[in-house]
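Below is one structure, written out as structure tokens, with a few remarks after it.
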Amino acid sequence: MPPAALVDLATIDTSKVLFDLEAIRQANRQRFEMEQLSAIVSIDTVNKVIVGYKDLTDKEFWVRGHMPDFPLMPGVLICEAAAQLCSFFTVHVKLVEEAFMGFGGMEDVRFRGMVRPGDRLILVSKATRLHRRQTIFETQGFVDSNMVYHGKIIGVPLPNNEVSA
């Protein structure tokens, strides 16, 4: 049985974009094929919740090979998209100024449905631990109103001076 939704999706208006791809690029380092967010549509810093989405097209780099004639978004990329949402939140709340949050791990990850080209993957993350040395977020992914993914994403700081821009 899936966990309860972190937010009531009926209250989220995905047509009201707070941060578009260009704004996401100001916070997140991923580029080209590894950009897994299209927009951020809600940020609640009091409750530590962020909502964004990824619009999938038939031009995604994985479509040709995963799986031919029946393309499915790889689970690892769903997790990456959730991690990028969490990282954006840490930048938005200025958790670490001299570093950025890198992908430190995952726990209790489950996939409950398919994500395919043409879908909008709505991602929700809620911080359960926000510390400059480690973050933990409960994360969920939805296509329409169906939960297709849930799990914990762990973030760890990576120094900016050790990463080339």
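The values are calculated or read from the model by the stated rules, or taken from the named source; none is laboratory data. Source: prediction; values computed, not measured. Note that we place each Cβ from the backbone using ideal geometry, even for glycine, and neighbour counts take in every protein chain shown.
Observations, loosely collected:
So that you can scan it fast, the table gives a plain yes or no per residue for (1) more than 24 Å from ARG110 (Cβ to Cβ); (2) among the aliphatic types (A, V, I, L, M); (3) more than 15 Å from the chain's Cα centre (by Cα):
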{"site": "PRO3", "(1), (2), (3)": "no, no, yes"}
{"site": "ASP13", "(1), (2), (3)": "yes, no, yes"}
{"site": "PHE19", "(1), (2), (3)": "yes, no, no"}
{"site": "ILE24", "(1), (2), (3)": "yes, yes, no"}
{"site": "LYS59", "(1), (2), (3)": "yes, no, yes"}
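- Residue that is nearest to ALA4 (Cα to Cα) [pool: residues in the stretch 103-121 that are in contact with a Leu (Cβ under 7 Å, 6 or more places away or on another chain) and either basic (Lys, Arg) or surrounded by 15 or more Cβ atoms within 10 Å (Cβ to Cβ) (or both)]: LEU121
- Scoring ILE50 on the criteria (1) more than 17 Å from the chain's Cα centre (by Cα); (2) modelled with pLDDT of 95 or more; (3) not polar (S, T, N, Q) leaves a single failure, condition (1).
- Residue identified as surrounded by fewer than 16 Cβ atoms within 10 Å (Cβ to Cβ) and either closer than 23 Å to GLY102 by Cβ or touching a residue at least 24 places away in the same chain (Cβ under 8 Å) (or both) among ASP20, ASP44, ASP55: ASP55
- Count of the stretch 34-71 residues which are part of a loop (DSSP other than H, G, I, E, B), over 16 Å from PHE137 (Cα atoms) and among the β-branched types (Val, Ile, Thr): 2
- Subset of the stretch 23-40 that is at pLDDT 95 or above and among the aliphatic types (A, V, I, L, M) - its residue that is surrounded by the most Cβ atoms within 10 Å (Cβ to Cβ): LEU37
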